[in-house]
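This report concerns only the one structure given below.
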Amino acid sequence: MNASATGEAIGAILILAGAIMAVISAVGIIRLPDVYTRSHAGTKSATLAVLLTLTGTFFYFWLTDQYISIRLILGIVFVFLTAPVAGHLIARAAYRSKVPLTETSVEDELKDALEQKDYHDPTKGQEEQKEEG
């Protein structure tokens, strides 16, 4: 088996795995009960699907044509860095907008953190420091 055939096989396997993960992500977005679990399905598995597809494409071109695509590398890095952060911010915005959790949720750890004293008003701590100084 030469490098070209190996590149095609590796690329095809990674792209197929990415397509399967994309289908799993779509099923998760449709089937899961609330915005938080849907956000999890949409960011984690969809990110993996895109990364597998781009990595498979990168390996295909690298091993068959000896072409290293900087655009594919930048795409992989960009998706890897931005998709989880975007999913986190969407879930956080939904929580702050008081979107309810599903009835099957067991614990709400963020509720305790947000109910702490002076959490919503950061200027209160600054006023107390000015009075002491």
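Scanning the chain for chymotrypsin sites (Phe, Trp or Tyr not before Pro) that sit in a DSSP loop and have at most 16 other Cβ atoms within 10 Å, the longest stretch containing none of them is 1-66. Structural descriptor for the chain: relative contact order 27 percent, calculated from alpha carbon pairs under 8 angstrom and at least 6 residues apart.
When ligands, DNA and RNA are left out and all protein chains stay put, how many square angstrom of accessible area per residue does the chain have with a 1.4 Å probe? Intermediate values should be presented prior to the final figure.
On the way: 9620 Å² over 133 residues.
Ligands and nucleic acids excluded, the result is 72 Å² per residue.
The Cα-based radius of gyration of the chain, divided by its Kirkwood radius, gives an Rg/Rh of 1.22. Exposure here means at most 10 other Cβ atoms within 10 Å; with trypsin sites (Lys or Arg not before Pro) in a DSSP loop as sites, the longest stretch of the chain lacking them is 1-97. Each label was represented as a point 7 Å from its Cα along the Cα-to-Cβ direction; for GLU8 and VAL27 these points are 3.0 nm apart. Sites counted here are GluC sites (Glu not before Pro) in a DSSP loop (not H, G, I, E or B) having no more than 12 other Cβ atoms within 10 Å; the longest part of the chain that contains none of them is 1-102. Rounded to the nearest 10 degrees, the angle from helix 123-132 to the longest Cα principal axis of the chain is 50 degrees. Whenever you get a sec, compute what percent of the accessible area on the chain sits on carbon and sulfur atoms (1.4 Å probe). Roughly 65 percent of what the probe reaches on the chain is carbon or sulfur.
The values are calculated or read from the model by the stated rules, or taken from the named source; none is laboratory data. These figures come from a predicted structure and were not determined experimentally. Cβ coordinates were reconstructed from backbone atoms using ideal geometry, including for glycine residues, and neighbour counts include every protein chain displayed. What goes into the accessible areas is simple: the full protein's heavy atoms, side chains included, and nothing from ligands, DNA or RNA. Shrake-Rupley method; radii C 1.70, N 1.55, O 1.52, S 1.80 Å.
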